[in-house]
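Undergrad: Here's a structure for you.
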Ligand code: UD1
Ligand code: CA
């Protein structure tokens, strides 16, 4: 079995979060005010989704795992949508995008007289794990007198990243941005992920010392360690994993990170006892939950809010979101489950069947070509080929309630609101407009009329 090309991706969570008492001395600042011009988009970069969730929410989740005393997200003035995406966390407004150092300055105002450690994350570095951040902070706190500690990496190509230069004792000497680097400096492969933890005590003064005399005319946060070293405080370097720390600057990189995220999720799913017949073609959401011994066929997409119990068979080409699927059920091929679908134990939902806001009872079947919306289908009932619930009259949605052991004949239309009681039998082709009592046989269609010979010659002979 081949598992996509990036087979060496590693995004393991190394350690649990910091003990809460220590974490209270920690503030996390997430930078998200950049324009993201390289995305060529009307949407702020950090709102572009990975696994259906805005990139920035992945960062926020990693930060939340640390249980820090504060989380502040730095946004530009017109980014109400980013503020909404990170709520209830507070935001700080960076009035003009003058660089990453200036962005941290904007956050400092929100932090008041906070003197603990300040961990800076970048909203466009979304795959970072809580455990990695906890290790970074722990390493920083172990370093004697460290002013800052930088999370470094060695990417396949260092282009675009700030190059790291170390002193003989391994402490950080300086970081040189790509655009400021000489040809010799560009040869260095150790780069900063941008993520860094700093001592908050005195940081405001250091930030005030930053200047923008560089190729981009920006106040670079990465200059802070050098400023600290001038006051005699060393900074540390911790090396992390490129596959976890790479950033998104373009749509191509966004797609790469989506692949990496999906790859990791597929591995986690298989690890927890789920069979994926062709892992590369199955797409998950962060909240997808699947029980052991469930088998997922090829080309299946899970949107948000899906819970699947154990021993379920999902056949190829299904699109499933907001649904619960119970043990022993069989879904697909080519089924679409929309929000509110609740598929009962041992039930069967077959090809080209759409289910929305509907509870399908134990052992019930809808095997071919149907729509069940705003409805309940009782246990062991059979919803025939081509049958539909007519739930929408152009203005309102209405419910269809079908009891247990009911037979809905092929191509029946059930005009909601309507109730069909236990044991009833609806003849094929019926248009059901009134409630049906238990065990009744209903035939609701025009009687067949036959005119001898009058069909002859009506189809032109080829
Ligand atoms: C930055 C680092 C670089 C590092 C790379 C890692 C600096 C100067 N450079 O470069 O050393 O290797 O990340 O991915 O820090 N932002 C603001 N306000 C601003 C400018 C940026 O909030 O005024 C935010 C952006 O939204 C983004 C983050 O800061 O989330 C990084 O900015 P970006 O312009 O992408 O920096 P890079 O060029 O990638
Ligand atoms: Ca970036």
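The values are calculated or read from the model by the stated rules, or taken from the named source; none is laboratory data. A quick note: this is a predicted structure, and the numbers were derived from the prediction, not measured. Every residue, glycine as well, gets a Cβ built from its backbone with ideal geometry; the counts of neighbours run over all protein chains shown.
Undergrad: Can you pull out every residue in region 243-255 that is surrounded by fewer than 16 Cβ atoms within 10 Å (Cβ to Cβ) and either closer than 22 Å to residue 180 by Cα or touching a residue at least 12 places away in the same chain (Cβ under 8 Å) (or both)?
TA: 250, 251 - these are the residues of region 243-255 that are surrounded by fewer than 16 Cβ atoms within 10 Å (Cβ to Cβ) and either closer than 22 Å to residue 180 by Cα or touching a residue at least 12 places away in the same chain (Cβ under 8 Å) (or both).
Undergrad: Residues to consider are 168, 134; find the one that is over 33 Å from the mean Cα position of the chain (by Cα), in the same structural domain as residue 36 (by TED's automatic domain parsing) and more than 16 Å from ligand 2 (Cβ to nearest atom).
TA: Result: 168 is the single residue among 168, 134 that is over 33 Å from the mean Cα position of the chain (by Cα), in the same structural domain as residue 36 (by TED's automatic domain parsing) and more than 16 Å from ligand 2 (Cβ to nearest atom).
Undergrad: Can you tell me how many residues in region 99-129 are in contact with a helix residue (DSSP H, G or I) (Cβ under 8 Å, 6 or more places away or on another chain), under 17 Å from residue 206 (Cα atoms) and more than 8 Å from ligand 1 (Cβ to nearest atom)?
TA: Looking only at that region, the number is 7.
Undergrad: Quick check, is residue 53 in contact (Cβ under 8 Å) with a residue 60 or more places away in the chain, within 22 Å of residue 35 (Cβ to Cβ) and away from ligand 1 (no atom under 14 Å from the Cβ)?
TA: Yes: the conditions hold for residue 53.
Undergrad: If residue 300 passes every condition in (1) touching a residue at least 24 places away in the same chain (Cβ under 8 Å); (2) farther than 20 Å from residue 259 by Cα; (3) crowded, with 20+ Cβ neighbours inside 10 Å but one, which one does it miss?
TA: (2)
Undergrad: Test residue 271 against the criterion of being over 18 Å from residue 344 (Cα atoms), more than 16 Å from ligand 2 (Cβ to nearest atom), surrounded by fewer than 19 Cβ atoms within 10 Å (Cβ to Cβ) and over 19 Å from the mean Cα position of the chain (by Cα), and give yes or no.
TA: When the stated conditions are applied, residue 271 passes them.
Undergrad: While we're on this one: Kindly check whether there is at least one residue in region 160-167 that is in a helix (DSSP H, G or I) and closer than 18 Å to residue 121 by Cα.
TA: The answer is no, given that none of the residues of region 160-167 is in a helix (DSSP H, G or I) and closer than 18 Å to residue 121 by Cα.
Undergrad: Give, as residue ranges, the strands (runs of 3 or more DSSP E) completely inside region 286-368 that count at least 1 residues that are in the same structural domain as residue 407 (by TED's automatic domain parsing) and on the phi > 0 side of the Ramachandran plot.
TA: Where strands (runs of 3 or more DSSP E) fall fully within region 286-368 and carry at least 1 residues being in the same structural domain as residue 407 (by TED's automatic domain parsing) and on the phi > 0 side of the Ramachandran plot, they are 348-360.
Undergrad: Would you confirm whether any residue within region 206-227 is closer than 18 Å to residue 134 by Cα, in contact with a helix residue (DSSP H, G or I) (Cβ under 9 Å, 6 or more places away or on another chain) and near ligand 1 (Cβ under 10 Å from one of its atoms)?
TA: Looking for residues that are closer than 18 Å to residue 134 by Cα, in contact with a helix residue (DSSP H, G or I) (Cβ under 9 Å, 6 or more places away or on another chain) and near ligand 1 (Cβ under 10 Å from one of its atoms), one finds none in region 206-227, hence no.
Undergrad: Only one residue in 349, 415, 426, 420 is closer than 29 Å to residue 317 by Cβ and in contact with a strand residue (DSSP E or B) (Cβ under 6 Å, 6 or more places away or on another chain), so which one is that?
TA: Going through 349, 415, 426, 420 in turn, the sole match is 349.
Undergrad: Another question, then. Among the listed residues 216, 253, identify the single one that is within 16 Å of ligand 2 (Cβ to nearest atom) and assigned to a loop (DSSP other than H, G, I, E, B).
TA: 216
Undergrad: Then there is this: Taking the residues in region 220-242 that are within 16 Å of ligand 2 (Cβ to nearest atom) and not in a loop (DSSP other than H, G, I, E, B) as candidates, determine which candidate is surrounded by the fewest Cβ atoms within 10 Å (Cβ to Cβ).
TA: 242
Undergrad: Looking at region 369-390 only, could you name the residues that are under 31 Å from the mean Cα position of the chain (by Cα) and on the phi < 0 side of the Ramachandran plot?
TA: 370, 371, 372, 373, 375, 376 - these are the residues of region 369-390 that are under 31 Å from the mean Cα position of the chain (by Cα) and on the phi < 0 side of the Ramachandran plot.
Undergrad: Also: Please pick out the residue among 144, 95, 82, 120 that is within 16 Å of ligand 2 (Cβ to nearest atom) and over 19 Å from residue 195 (Cα atoms).
TA: That would be 82, the only listed residue that is within 16 Å of ligand 2 (Cβ to nearest atom) and over 19 Å from residue 195 (Cα atoms).
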